[in-house]
1. Take B:Thr139, A:Thr112 and sort them by solvent-accessible surface of the protein heavy atoms, 1.4 Å probe, largest at the top.
2. Counting only other chains, what is the mean number of Cβ atoms within 10 angstrom of the Cβ of each residue in peptide A:83-94?
3. So how do A:Arg62, A:Arg206, A:Arg215 rank on accessible area, 1.4 Å probe, biggest first, that is with the largest at the start?
4. What is the mean number of Cβ atoms from other protein chains located within 10 Å of the Cβ atom of each residue in peptide A:60-67, rounded to a whole number?
5. From other protein chains only, count the Cβ atoms within 10 Å of every residue's Cβ in A:105-115, then give the mean.
6. How large, in percent, is the carbon and sulfur part of the accessible surface of segment A:40-137 at a probe radius of 1.4 Å?
7. Taking θ = phi - 60°, what integer Hz values does the Karplus form 6.51 cos²θ - 1.76 cosθ + 1.60 yield along segment A:121-133, in sequence order, with x for Gly and Pro?
8. Which order do you get for A:Tyr183, A:Tyr195 if you rank them by accessible area with a 1.4 Å probe, largest at the top?
Amino acid sequence: MYRNYAKQEGFNTEVGLTVRLASMNNSSQSLDAEDTVVSDESLLIAVGNHQDVNAFNQLFERFSKKIFALGMKLTRNEQLANDLIQEAMLNVWQKAPLYDLDKGSAKGWIFTLSRNRCFDMLRKQKRQPNCVSADDIWPPESGGEPTTLVHEDRGGLEVELSLIEGYFDQLSDPQRAVVEQIYLHDRTHEEASAYLQIPLGTLKSRLRLAVAKLRSLIGVED
Amino acid sequence: MNTDVNMHPSSQLLNQFIQGELATGKSIIVSAHMELCKSCCAKAKELEALAVSSWVDPSIAPQLESPSATDYSSMVASIVQSAQLSSEPVEEVVEVQMDVLDDSIKLPKVLAKAAQQGLNWKQVAGGISEAQLILDDETQCEFIYMAPGSKVPVHTHKGSETTLVLKGSFEDELGEYKASDFIVRDTQHHHQPGSKEGCLCFAVLDSPLKFTQGLARFMNPVNSYTFKKAISKAVTS
């Protein structure tokens, strides 16, 4: 009984939090140390989280020829293939904050994005009816919904923190880290994603899943 | 046994779909099937992973030199000036409810989107109606409704015909097809589909049907005409 109380106290103080966060930070550092070459994912995250132009240059370096080859294969037209580099890499820049680490590799993300832009470009060039776009045919995996809902429910969640604590361990480590950042450390989505070095899109989807899981756990309790 | 009958798209077709090699009509019918079929989604995921690794594999992908005339540094410089997105652009959700066979069904999202251009139903034979969609310049795409107890005249196909069952069922000499079944037929098949309980399908034809029996033969030139019209509309619109 006493132990439980103490644990709860620690949970709510800065000290308890700092310990948890520090250990998390360590694990991510050791991950980086294993990679000598900067991964595509890290580059994409740098582009998404702080508009890192150098990182974008490196991605451009790595992928523009691949995109050109894809364009040549699908359009058999050098001009269009070149336009595709522009279209696809512009899309990479614009959508980098939406990249979700949990849904696949950076190269897979860039591939589908390039294919989709190529498809739309070809349709436009052939002047085909534009009722359907590539994103309708290859829909981004559903999950774009209630990011705003999380904010609205925030008050309710804080009240229930002590209640939730017992369920906290049932979240996966990455989900717990995100919940701690947002609800305990009171960071914004942007701050939290920068701190955890994950894309904003990943942060939002992890938060959504974590809140949904906590909800269902509490629901079971009733 | 007929190996050409697929209740699901073949791996080859799924692969072409993932690589973006199919024309719009075919892409849409595969996508609509995938919305209804978890196993094809899983298979497509695996194929996509393969496609991606061969895409980035320098030993497989031909290293095409892009023209040196293009100034990529200015391309990059202009790209990084543009604003980034903080959330997915909100797509309008299109829902198309269809009243079929004493029931109301929701079309797969991609078909609902395509059907936005408006459906103009025409009676083509006893109990059979179709509504054409213009999606590309290579195929004829249409919704087909078969009233309970109706039969399509015997026909063969010049090209292939891909059919997705959306509601009810139909049957031919080779089997019975139910909702979410994906059926590919080509020139070799002489078949006469019929539907006991009634059926709504979406179909994509590479070229017009050829009727082979009785009075319906006289419809052939007309059929060919409507196909050409569908194609030319796609090109000029």
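1. Working: B:Thr139 10, A:Thr112 30 Å².
Of B:Thr139, A:Thr112, the descending order of accessible area is A:Thr112, B:Thr139.
2. Numbers: counts 0, 0, 4, 6, 0, 0, 5, 6, 2, 1, 8, 6.
Rounded to a whole number, the mean comes out at 3.
3. Values: A:Arg62 80, A:Arg206 35, A:Arg215 115 Å².
Solvent-accessible surface, decreasing: A:Arg215, A:Arg62, A:Arg206.
4. Numbers: counts 6, 2, 1, 2, 5, 6, 7, 2.
Mean shielding count: 4.
5. Values: counts 4, 0, 4, 8, 1, 3, 10, 5, 0, 2, 7.
Taking the mean over all residues of the peptide, I get 4.
6. Numbers: 1630 of 3790 Å².
C and S atoms contribute 43 percent here.
7. Residue by residue, segment A:121-133 yields 5, 5, 4, 5, 5, 7, 6, 8, x, 9, 5, 10, 10 Hz.
8. The residues order as A:Tyr195, A:Tyr183, largest area first.
The values are calculated or read from the model by the stated rules, or taken from the named source; none is laboratory data. In this text the structure is predicted, and so the values were computed from the model without any measurement. When we count neighbours, we look across all protein chains shown, and the Cβ atoms used for this are built from the backbone with ideal geometry, even at glycine. All accessible areas refer to the heavy atoms of the entire protein, side chains included, with ligands and DNA or RNA removed. Shrake-Rupley method; radii C 1.70, N 1.55, O 1.52, S 1.80 Å.
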